[in-house]
Structures are given as C-alpha cells and as structure tokens.
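**Q** Here's a structure for you.
The values are calculated or read from the model by the stated rules, or taken from the named source; none is laboratory data. Bear in mind that the values here come from a model prediction, so they are computed numbers and not experimental data. Don't worry about glycine lacking a Cβ; one is built from the backbone with ideal geometry, like all the others, and counts go over all protein chains shown.
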Amino acid sequence: MLLLAWGPLGRAAAQAQQISRLTYREPNSTSTTDVEKRAATETVGGTSFTYGNYSSSATGSTTNPITEIFQLTSDQQGIQLDARMLIWRQNNQGVAPAAPSTEVNQNTTYAAFVTLTFTRDVTNLRLVMQDIDKGTPADGGSNFTDQVAFRALNAANQYVDLTGSNIGYGINGANTSSTVNTFDDNITIGGVVYDAIRGTDLNGEVSSNPSRNGNVTVTFPQPVRTVRLAFRNLNTSNPIPTGQTQLRLQTFGIEEIS
C-alpha cells in the first residue's frame, strides 16, 4: 500500500511529503482481474495522487484485437514482463511509418500520455520501471525503440530537471549505465521539455524468460506536484521489413512508485 512520511523538518519543507512505497509488481499473484488506472486515485492518510489526462495518438488499427492498456494486470504480453504489475501497452500496429526513416526519431508524433497529480509536493519521488528497450528484426522481433519521458513540475509550476545522476540501472538501480537503455536529456515533445529513458538494445531475448536486468529507477531531485509521462516508439524505419509489423505493439511495466 501507499505509506507516507513527513519530509525534512523546517518551514520550507512543511508542505512536502514523501511516499514510502506503492508496489505494483506482484510476482506471486494468481489474480486475473485487470484494474484500470487511466483515471485512478491512490490514497492513504489524506494524501493522494491521481492518474489523469490520458491521451494517445498511436491507437493503431481499430480492427486489431489487442488494444492499448494502462492497467494493473497479469496480461504480460507474452514473455516481455516478469510479473503482474502496472502495465502500459501502446498499440501501434497498423500505423503507417512517418518520415524520416530512422530507428531514433525524436520528432515522432506517435505517443501516449498520462499525468500523475499529487495533492502536495512530494520529495524524493522514485519510479521503478521494467522493459524499456529496443528491438530489431535481427533480434527475432519487430522494429521498435521504446522511450518513456517525464515532465515533472513543482507547486509553482516550475520544471524539475533530471540529470544522468538521477537515473539508476539494473534490478536494484545501483548501476550508473546500461546496455539496454540510456538517458535522453531535455528533449522536446509537443513543444515542451521532457527528460526520458530510451531503449538501446533488447531486454533479454525473444525466446528467453523476461529479464529485470534492464530495469530503470528514476529519482526526482526536487519536490514535485505533477509528472506528465509520455510513452513513444521512436522507430519510424521505412519501408517495413518483410514479415515485420512496423510500429507494432509495445509494452513496459511500472513496478513501484516510492
């Protein structure tokens, strides 16, 4: 559950609270119930945050039976994720690639968004995520480059900037670099600034079990009131490789918010 602890003592910090832990990853769960989170509120002790303003420009083919989700679910999309958790799936199947033809198109318009809004500034906010990666036909899969971007604002509506030192890699977030993903500093999406994590290689292999070695931990260095998340596929390679589905279904998981 979501637990709260007061931040550092002093008048300046009196209105700031720190979330202890909200764990979404449930490795031993047998639940088959999907819990929708696009407009959900998590509340403990009178302090809460709400997911809201969900939107997507990457709806894919309306005839495809696999749809976009933002849910606490056991639907792990095959072997991509290792447990039940908060899963964000973006459906890009059937969407025509956009120019230019590249594996990293920072100007792509294909994206889904959601905003976390807290009732107070939250100190040391941390997100732990799984399976932000990159695939190619050579890996035995499809062409995709995951990117998860963050636009955090404080109560004064000022941007909370991330740097590479705020990113930890691996299962425990103890590594300073990764072969699976990397940090994109101060990119622009829709005319405003974000910081982001981008996939650089496949997390595990198509034929193997899921891996948490490509996990990413993001820690915000200043109190935040809102965080806008953007989930994009940067791969707009064209023409579509034979036998591949360009801008296909892609998934990552949120294990924990603390």
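**Q** Residues that are of a type outside the set (A, V, I, L, M), in contact with a Lys or Arg (Cβ under 6 Å, 6 or more places away or on another chain), closer than 23 Å to Glu103 by Cβ and in a loop (DSSP other than H, G, I, E, B): does the stretch 180-190 have at least one?
**A** no
**Q** Go over the candidates Leu125, Leu162, Leu202 one by one and state the one that is in contact with an Asp or Glu (Cβ under 8 Å, 6 or more places away or on another chain) and either at pLDDT below 95 or surrounded by fewer than 17 Cβ atoms within 10 Å (Cβ to Cβ) (or both).
**A** Result of the check over Leu125, Leu162, Leu202: Leu202.
**Q** Consider Gly45 carefully, then state whether it is more than 16 Å from Ala112 (Cα to Cα) and at pLDDT below 90.
**A** Working: more than 16 Å from Ala112 (Cα to Cα): yes; at pLDDT below 90: yes.
In short, yes.
**Q** Okay, moving on. Looking for whichever is assigned to a loop (DSSP other than H, G, I, E, B) and either without any contact (Cβ under 8 Å) to a residue 12 or more places away in the chain or among the acidic types (Asp, Glu) (or both) here; the options are Ser142, Ser177. Which one fits?
**A** It is Ser177.
**Q** Mind checking which residues of the stretch 154-171 are part of a strand (DSSP E or B) and either among the aromatic types (Phe, Trp, Tyr) or under 17 Å from the mean Cα position of the chain (by Cα) (or both)?
**A** Tyr159, Ile167, Gly168, Tyr169
**Q** Right, next: Checking the structure you have, find out if any residue of the stretch 147-170 is of a type in the set (S, T, N, Q), touching a strand residue (DSSP E or B) at 6+ places or on another chain (Cβ under 6 Å) and free of Cβ contacts under 8 Å to residues at least 60 places away in the same chain. So that I can check it myself, show each step before the final result.
**A** Restricting attention to the stretch 147-170, the residues satisfying the condition of being of a type in the set (S, T, N, Q) are 147, 154, 157-158, 163, 165-166.
Next, only the ones that are touching a strand residue (DSSP E or B) at 6+ places or on another chain (Cβ under 6 Å) stay: 147, 154, 166.
Still in the list and also free of Cβ contacts under 8 Å to residues at least 60 places away in the same chain: 166.
Yes; the residues of the stretch 147-170 include at least one that is of a type in the set (S, T, N, Q), touching a strand residue (DSSP E or B) at 6+ places or on another chain (Cβ under 6 Å) and free of Cβ contacts under 8 Å to residues at least 60 places away in the same chain.
**Q** Determine whether the stretch 137-153 contains at least one residue that is within 24 Å of Glu42 (Cβ to Cβ), surrounded by fewer than 19 Cβ atoms within 10 Å (Cβ to Cβ) and not polar (S, T, N, Q). Working first, answer last.
**A** Looking only at the stretch 137-153, we keep the residues that are within 24 Å of Glu42 (Cβ to Cβ), and these are 148-153.
Pick out the ones that are also surrounded by fewer than 19 Cβ atoms within 10 Å (Cβ to Cβ) and you get 153.
Still in the running and not polar (S, T, N, Q): 153.
Checked against the condition, which is being within 24 Å of Glu42 (Cβ to Cβ), surrounded by fewer than 19 Cβ atoms within 10 Å (Cβ to Cβ) and not polar (S, T, N, Q), the stretch 137-153 yields at least one hit.
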